[in-house]
Every structure is written in C-alpha cells, then in structure tokens.
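Report on one structure; see the data block that follows.
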Ligand SMILES: Cc1cc2nc3c(=O)[nH]c(=O)nc-3n(C[C@H](O)[C@H](O)[C@H](O)COP(=O)(O)O)c2cc1C
C-alpha cells in the first residue's frame, strides 16, 4: 500500500473489548461513573450517590446498586437467555453494582424448581457468559448464595397465581412429580412456615450441615472460576440461615439451637468459610427484624425463666450484635432487609421503611459497610440517605424493574454528568453537558418529597404468602405503581 493510499484509510480500528467472543464496543469508562470533573465541572464535589467506592480492590462506579431479585426463569438451576438479557440490560444502564438473585448451592436450597443453582460445575459456563458480558461493559456483578430452608419446594409467585386463578387449592407445596422436593425440605426444626400449605420440613442433621458447608465451599470455588466480583450470603427473609438465627423457627437443643450464640453458629461458620475461601468483597443480607413486637412484645424477654432463651424473636438488638461478629470475621458489607420468617409480622410500610434498621446498625457497629433497601425510589431520597450517613450504599429492587435507566436519570436530577453506554449516548445529551460547578447545587434535597405510599403486605393471600421481607408498596413520582402484586423471597 502506498503512503497516499494509506492516508485515505480511517486510521483507527474500532475500539473493542479484547478477548470477547463477539464484537463488543469498548466503553471508555464504566457506565454510570462520573465523567472527568475537569471538563464537567459539576462533577467536582459530587453527591454521594455518585461517589466511587472501592472494596478489596473492586471499584464500584457509584452507590446505586441492584438488589437481588429472583426471576424463577432458570432451567434445572442454569441461567437462561432471560438472565443474560435481564442482567445485561442492567449493565448497559449504569448501576453501580448488579447482584444475581438468590442462587441455591444445593438443589434443595432453591425456593422453586425454576430458581437458579450453582451446585454443579455444569452451571459455570452459563454464568460466565453473563459475567463476561457485564465485565465487557466494565460493570460489577456478584451473586447471592442462598438456601431456602423450609420455604423450598414452593411455586414461583406467577406460577402459583395462575393456578390459584384456575381453582388450585393445593397450597404452596410443589410435589415431586412437578420437580419439587417436599419430603426433603430441611430446616433447623421440623416446623412448617405455614402448616398445611408449605412443606413439612425435616430437622437438618449435623451431618447435613457438614455436607452443606462442603457444598458452600464448592459453590464459592465456582464463583471464583466464573469471575464474580462479590458474593452475598442470603441470611434474610425466613430462609435457612435466618431460620437458624431465629428463636421462632429454631427449637433445637444441640449446639445450633437454644442460646443466641448457638443460633448464630451456622451463619458465622458459613461466613468464616466464605472469608477464608473468597478474597473479594463479601456481603451478608440480614433480616433485621421479624416485626413481631405487636404480637409478642419486646424482642428481649423481661423475665426469662431458667433455661428459657432470653430472646423471644429475632430483632434489631440481636441483629446488631450479630453484625459486629460478621464484621469481626471480615464480612465487608451488611445488606439490611427485614421480615419473612413469621406470618404475624406487621411491617410498618413507608418510604425507606427499613432504613432505621440500617441506620441503627451503622451507628452501633464498626468495620462494616451498611447497605439499605426497601421502598427507595427517587434520586434525592437515595442521596439523602448517604449524605446523612445512615447507610453506605443503596440497593434498589422494584425500581430497577420499573425504571432501568434510574442511575442516569438520577445523575440528571442530581446535576452531575455520568457516562452512558456509547451505544446509547444520543439519548443522554441533556445529562452529558459541560457546566460550571457553580451552576449546580447537588445537595438541595430536603424538599424532594415522596408521594404517598400505596402499600400492602400479606399479598400471599392473593398470590404467594411467603411473607418475605418485601413490601408491596410504592413511592414514586417517576413511575406509577404497578397493578400486580409481587412476591419477594
Ligand atoms: C421480583 C423480586 C424478587 C426478589 N428476590 C429476592 C432475592 O432473590 N433475594 C433477596 O434477598 N431478596 C429478593 N427480593 C427482595 C428485594 O431484594 C428487596 O429487598 C425488596 O423488594 C425491597 O426493595 P424495593 O422496595 O426496592 O423493591 C426480591 C424482590 C422482588 C421484587
């Protein structure tokens, strides 16, 4: 080729992600991270929601994180195309972190037959495809490792809903012929979540717990091979580990039951194993309260009799003590949810209805980051939480499903310029504007106001009474409340 001819050739190859199996344009920086503050002066001294955060060398580009959300769309534990699109879309939209939903590290640890699993090496490639894509976009993605305990072998809410409409009265137990495992549902004690409706669990033997620890280690090794950026242990919503910590569901008389120290033994063992095997960020999701004060009085009994557990139910006092122990083991972040272990729960719904638990834990523990979740739906609401130091990160669940572009919309609303995906940049010209710093006041959020909450708990009556720490309410001027009831593990 002559020199003259060469000069007619566009000199730059299209920047692409190296080693990605198909052509994937290279993102100049993580989607949702702030653009250079020297050029975009409004990004100097940014709102906390858009501060980068680093945990054990993993850089999260902002603090608007996706909470885990079961999709009931797996095939014998394998992620499917639905998961690829679902998580891949989030990665295109600038969330600071994405968490793969509750994933069983043993088959009987799934909630429904359609829940994700990671009990087999054969699962690895399907997760790797998703993780490689998210990483190809410079995103961060982790996974929630879960065991459903006595809430396992139950139907997906939309499956049960369809059959209830058609007259199904068989309860919330999936029989073996439909892929369930109703006769081998383990729990700390043989107490059904809802007798006659949910499976009758069997008391987990110590041998079973030992085999579980081994399966947990294997799952962590798979997470390492897949390349996940973090792991969250699911210890909330009335599933196996929460059941162990809770005097309501744990009536054991061995080393795993009775006193507070015994009830928290299993989760601490799992957290210790995870910390030893996993060098990247480690999170733990807790239910900070059973919300049983109205029915059972204070969490701590005033006059415990000889040999009686001094704690009546699981609440914020034990959660705070427990969190400090997790912190001492090296858990990096406590993800503070609530409820799900007792149908008598009276959740006081409202915007940020679980924030006071996160705030309490943040003020009374040390060396652990705190995440909050639950009816957080507007940029100012989320940013205020961080500015007021009530939590370190904000998790969003249903808001992600309603408004997947929330992070970039939040940048616009909070007056900063964040990086959109290169393919979508024409949609964000109103946000990617070079301004003077003085033009923007990020922190005027007090008057943001949230609309009335239209909430309702106990939706199980209609669909799936798994009473699971989820509030079925909405606060939002950005999106109307959905018409349907959702059920949340
Ligand atoms: C469809 C759906 C699935 C969920 N699945 C999970 C899950 O897998 N693990 C979990 O810990 N919480 C799960 N949750 C609870 C959410 O993570 C979150 O704690 C709850 O919805 C409250 O947050 P929100 O008001 O932002 O939706 C789920 C919620 C929804 C809506």
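The values are calculated or read from the model by the stated rules, or taken from the named source; none is laboratory data. Please read these numbers as outputs of a predicted model, since none were measured by experiment. In this analysis, Cβ positions are derived from the backbone assuming ideal geometry, glycine residues included, and neighbour counts consider all displayed protein chains.
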Single unsatisfied condition, residue 288 versus (1) under 27 Å from residue 97 (Cβ atoms); (2) surrounded by fewer than 16 Cβ atoms within 10 Å (Cβ to Cβ): (2)
task: Would you be able to say whether some residue in region 151-174 is surrounded by 19 or more Cβ atoms within 10 Å (Cβ to Cβ), at pLDDT 95 or above, part of a helix (DSSP H, G or I) and in contact with a helix residue (DSSP H, G or I) (Cβ under 9 Å, 6 or more places away or on another chain)?
output: yes
statement: For region 177-203, the count of residues that are more than 26 Å from the chain's Cα centre (by Cα) and within 21 Å of residue 254 (Cβ to Cβ) equals 7
statement: Note on residue 143: of the conditions (1) assigned to a loop (DSSP other than H, G, I, E, B); (2) at pLDDT 95 or above, unmet is (1)
query: Among the numbered criteria (1) within 18 Å of the chain's Cα centre (by Cα); (2) crowded, with 19+ Cβ neighbours inside 10 Å, which single criterion is violated by residue 138?
result: (1)
field: Selection from region 19-38 of residues that are at pLDDT 95 or above and loosely packed, with under 10 Cβ neighbours inside 10 Å
entry: 22, 23, 38
Filter pass, residue 129 being more than 30 Å from residue 54 (Cα to Cα), under 21 Å from the mean Cα position of the chain (by Cα) and in a helix (DSSP H, G or I): no
- line: With criteria (1) under 29 Å from residue 346 (Cβ atoms); (2) touching a residue at least 12 places away in the same chain (Cβ under 8 Å); (3) over 23 Å from the mean Cα position of the chain (by Cα), residue 206 comes up short on (1)
field: Criterion violated by residue 115 - all others in (1) without any contact (Cβ under 8 Å) to a residue 40 or more places away in the chain; (2) in contact with a strand residue (DSSP E or B) (Cβ under 7 Å, 6 or more places away or on another chain) satisfied
entry: (1)
- line: Note: among 238, 180, just one is part of a loop (DSSP other than H, G, I, E, B), in contact (Cβ under 8 Å) with a residue 40 or more places away in the chain and under 27 Å from residue 334 (Cβ atoms), namely 238
- prompt: In the set 48, 41, 59, which member is surrounded by fewer than 24 Cβ atoms within 10 Å (Cβ to Cβ), closer than 19 Å to residue 409 by Cβ, in contact (Cβ under 8 Å) with a residue 60 or more places away in the chain and out of contact with any strand residue (DSSP E or B) (no Cβ under 7 Å at 6 or more places or on another chain)?
  reply: 48
